[in-house]
Amino acid sequence: MTNLNQLPTDLPIPQDDGAANHLVGMPIPTIRLPSTAGSPFNLGEIQGRLVIYCYPMTGQPNVALPDGWDQIPGARGCTPQSCSFRDHYQELRALGAEVVGLSVQSTEYQQEMADRLYLPFPVLSDLDYQFQGALKLPTFAAAGMTLLKRITLIANHGVIEAVHYPIFPSDSDPAWVIHYLKNTPA
């Protein structure tokens, strides 16, 4: 069975397709999304710095990944990315940032992952593509599903100020965010 915590060494590297070029300067939409924290979360109401890491989908133990998953540039690595944000969470908080994960899986699906990985931050479900549609976030199709491409947004007082896209390898994302936060005054 696939080891979800380890990235294969031969993954294809995603290329910048320009699908995120429009995001810096856009306001975060005031949309209430279901959360693994139990109550709905409105990203547009968060003041200060907010890190939103969007990912395609996490695998589940003993469940095969979609056929061809490892051949899709940027698809593999959601579990290592989430674990890396977990491991750097205190440093991100010390830098004044809230952190949330976001995917189009159901909250129930996400809750299993959040519990299994001991995530200290909420993961939000954009099951109806409201957040994706409002920002025109990049997507791809796999196994009959439309999934978010891996992208991280840093917002300050409700406005996107930085975008990390494409992200590779996935577990390098928090280091990019930390570097940005340390070098860019709020």
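The values are calculated or read from the model by the stated rules, or taken from the named source; none is laboratory data. Keep in mind that this is a model prediction, so the values were computed, not measured. Heads up, the Cβs are rebuilt from the backbone with ideal geometry, glycines too, and the neighbour counts pull from every protein chain shown.
Only one of the numbered conditions (1) part of a helix (DSSP H, G or I); (2) closer than 23 Å to Pro138 by Cβ is not met by Arg93, and that is (2). If you go through segment 45-56, how many residues are crowded, with 16+ Cβ neighbours inside 10 Å and out of contact with any helix residue (DSSP H, G or I) (no Cβ under 9 Å at 6 or more places or on another chain)? Looking only at that region, the number is 1.
Restricting Leu148, Leu153 to those that are over 22 Å from Gln6 (Cβ atoms), at pLDDT 95 or above and touching a Cys at 6+ places or on another chain (Cβ under 7 Å) reduces the list to Leu148. In the set (1) exposed (fewer than 14 other Cβ atoms within 10 Å of the Cβ); (2) of a type in the set (A, V, I, L, M, F, W, C); (3) outside any loop (DSSP other than H, G, I, E, B), Ala64 fails one condition alone, (3).
Residue pairs whose Cβ atoms lie under 7 Å apart, separated by 6 or more positions or on different chains, with the first residue in segment 81-99 and on the phi < 0 side of the Ramachandran plot and the second among the aromatic types (Phe, Trp, Tyr), are Gln81/Tyr53; Gln81/Tyr55; Phe85/Tyr53; Arg86/Tyr118; Tyr89/Phe121; Val99/Phe85; Val99/Tyr89; Val99/Phe121.
Each row is one residue, and each column tells you yes or no for (1) in contact with a Lys or Arg (Cβ under 8 Å, 6 or more places away or on another chain); (2) among the β-branched types (Val, Ile, Thr); (3) crowded, with 17+ Cβ neighbours inside 10 Å.
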| residue | (1), (2), (3) |
| --- | --- |
| Gly133 | no, no, no |
| Leu137 | yes, no, yes |
| His157 | no, no, no |
| Ile167 | yes, yes, yes |
| Pro174 | no, no, yes |
| Leu181 | yes, no, yes |
| Thr184 | no, yes, no |
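Within segment 101-159, the set of residues being within 15 Å of Val51 (Cβ to Cβ), assigned to a loop (DSSP other than H, G, I, E, B) and among the aromatic types (Phe, Trp, Tyr) comprises Phe121 only.
Would you be able to say whether some residue in segment 59-74 is closer than 19 Å to Val104 by Cβ, at pLDDT 95 or above and in contact with a Gly (Cβ under 6 Å, 6 or more places away or on another chain)? Within segment 59-74 (the criterion being closer than 19 Å to Val104 by Cβ, at pLDDT 95 or above and in contact with a Gly (Cβ under 6 Å, 6 or more places away or on another chain)), the answer is no, since none of the residues qualifies. Check Leu148, Leu117, Leu127 and return the single one that is in contact with a Lys or Arg (Cβ under 9 Å, 6 or more places away or on another chain) and among the aliphatic types (A, V, I, L, M). When all the criteria are applied, what remains is Leu117.
Selection of segment 8-43 for residues being assigned to a strand (DSSP E or B) and either of a type in the set (S, T, N, Q) or over 16 Å from the mean Cα position of the chain (by Cα) (or both) yields Pro27, Arg32, Ser35, Asn42. Listed by first and then second residue, the pairs linking a residue in segment 167-182 that is assigned to a helix (DSSP H, G or I) to a residue that is charged (D, E, K, R) and buried (at least 18 other Cβ atoms within 10 Å of the Cβ), with Cβ atoms under 8 Å apart and 6 or more places separating them unless they lie on different chains, are Ser170/Arg76; Ser170/Arg150; Asp173/Arg150; Leu181/Arg49.
Let's see how each residue does on (1) out of contact with any strand residue (DSSP E or B) (no Cβ under 8 Å at 6 or more places or on another chain); (2) within 21 Å of Val177 (Cβ to Cβ); (3) of a type in the set (Val, Ile, Thr):
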site: Leu7; (1), (2), (3): yes, yes, no
site: Asp17; (1), (2), (3): yes, no, no
site: Thr30; (1), (2), (3): no, no, yes
site: Phe41; (1), (2), (3): no, yes, no
site: Tyr55; (1), (2), (3): no, yes, no
